[in-house]
């Protein structure tokens, strides 16, 4: 039996009181806060107490009868997100309701912040949205990741890689955030998880940044690891007890696929190189989570204004009627796939069991 003792030895990351105060007070750097020194000092002291005492979840409640340890104190915010996911799953399974298509804009570019211009990705997402809305049997939800760069209080925190310690330690939904003691609050993923769960089809439209998915999209991708084998019962591990999680995994773990069966489509665009790389990596990622590729026409990579000036890229898009038609075709293909899958059609091999679940 392998050792279940977590490996230790990394440098301490604790900050002293002076460093904490300097960092915390940066939020009040605007001169408009002038004259509030006493109030800010009082707030800073409370925040230091929360940090020094590691008050990750200041509001908790007993887990209840749905969990293996009903008396364990679970973060109220996590339970609220779990409830939202449960409601979304009910909508997903209710055949009386229209099919839901989640359209994801993976771009960080917005006219409302530094770039001063809309993204081309946004225009393609709008094209897909119209195509969905023209079909009365479907509803479109738009997840605009541009808001991470342009809207106050929107953030997706980094994945902490709990899964690499043990999948039992990676809770579904993610319980790493919020962490009030570290000031890691307002995590957008608490709203994003239910959108994925409710959806019957997912379309990701994204640019290519340096041969990779943009930071906005990659942040969400990493935080969806808990949907691919994550633990639905944090009381099994009594929160984040790494040793308990390792014991549980070594006793046998089923790697539940919480988003399996949803259809997907991918549209990636670039200006010179790398769009094909991003399209393939997104396709592999979604397939590994056992989402279903909608079809050949639903997974495309294209170049807009190939090696031409960035300043005229929207004009190049204006002149590329084919990519708009391809976007509509990808959308219609996704809708067809959702219809087939919701009617009970199974893809080849669907009844077989994976001998290497992970």
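A few remarks follow.
- Among the residues of region 200-242, those that are in a loop (DSSP other than H, G, I, E, B), within 15 Å of residue 281 (Cβ to Cβ) and touching a helix residue (DSSP H, G or I) at 6+ places or on another chain (Cβ under 8 Å) comprise 208, 211, 213, 224.
- Within region 297-318, restricting attention to residues that are part of a helix (DSSP H, G or I) and without any contact (Cβ under 8 Å) to a residue 24 or more places away in the chain, the residue that is surrounded by the most Cβ atoms within 10 Å (Cβ to Cβ) is 316.
- Within the option set 246, 339, being under 30 Å from residue 5 (Cβ atoms), surrounded by 16 or more Cβ atoms within 10 Å (Cβ to Cβ) and at pLDDT 95 or above holds for one residue only, 246.
- Count of residues meeting criterion [surrounded by 12 or more Cβ atoms within 10 Å (Cβ to Cβ) and either in a loop (DSSP other than H, G, I, E, B) or touching a residue at least 40 places away in the same chain (Cβ under 8 Å) (or both)] in region 21-42: 2
- Test: residue in region 243-251 that is part of a loop (DSSP other than H, G, I, E, B) and in contact with a helix residue (DSSP H, G or I) (Cβ under 7 Å, 6 or more places away or on another chain): no
- Criterion violated by residue 98 - all others in (1) surrounded by 18 or more Cβ atoms within 10 Å (Cβ to Cβ); (2) more than 30 Å from residue 235 (Cβ to Cβ); (3) within 24 Å of the chain's Cα centre (by Cα) satisfied: (1)
- With respect to being at pLDDT 95 or above, surrounded by 20 or more Cβ atoms within 10 Å (Cβ to Cβ) and either on the phi > 0 side of the Ramachandran plot or touching a strand residue (DSSP E or B) at 6+ places or on another chain (Cβ under 7 Å) (or both), residue 227 falls outside the description.
- Hey, residue 182 more than 13 Å from the chain's Cα centre (by Cα) and either surrounded by fewer than 21 Cβ atoms within 10 Å (Cβ to Cβ) or over 23 Å from residue 282 (Cβ atoms) (or both) or not: yes
- Scanning region 101-122 for residues that are more than 22 Å from the chain's Cα centre (by Cα) and surrounded by 16 or more Cβ atoms within 10 Å (Cβ to Cβ) yields a single hit, 118.
- Scope region 52-66; condition exposed (fewer than 15 other Cβ atoms within 10 Å of the Cβ) and either over 19 Å from residue 180 (Cα atoms) or in contact with a strand residue (DSSP E or B) (Cβ under 8 Å, 6 or more places away or on another chain) (or both); matching residues: 59, 61, 62, 64, 65, 66
- Annotation note: Cβ proximity below 7 Å between a residue of region 326-348 that is touching a residue at least 40 places away in the same chain (Cβ under 8 Å) and on the phi < 0 side of the Ramachandran plot and a residue that is assigned to a helix (DSSP H, G or I) and surrounded by fewer than 17 Cβ atoms within 10 Å (Cβ to Cβ) (sequence gap 6+ or interchain) occurs for 330/297; 333/297.
- Qualifying residue in region 139-156 (condition: surrounded by fewer than 22 Cβ atoms within 10 Å (Cβ to Cβ), at positive phi and touching a residue at least 60 places away in the same chain (Cβ under 8 Å)): no
- Qualifying residues in region 252-282 (those that are in contact with a helix residue (DSSP H, G or I) (Cβ under 6 Å, 6 or more places away or on another chain) and within 22 Å of residue 66 (Cα to Cα)) - the one surrounded by the fewest Cβ atoms within 10 Å (Cβ to Cβ): 253
- Among the residues of region 141-188, those identified as more than 26 Å from residue 8 (Cβ to Cβ) and part of a loop (DSSP other than H, G, I, E, B) are 145, 146, 151, 152, 153, 154, 156, 172, 173, 185, 186, 188.
The values are calculated or read from the model by the stated rules, or taken from the named source; none is laboratory data. Given the structure is predicted, the values throughout are model-derived calculations rather than measurements. Here Cβ is always computed from backbone atoms with ideal geometry, including for glycine, and neighbour counts include all displayed protein chains.
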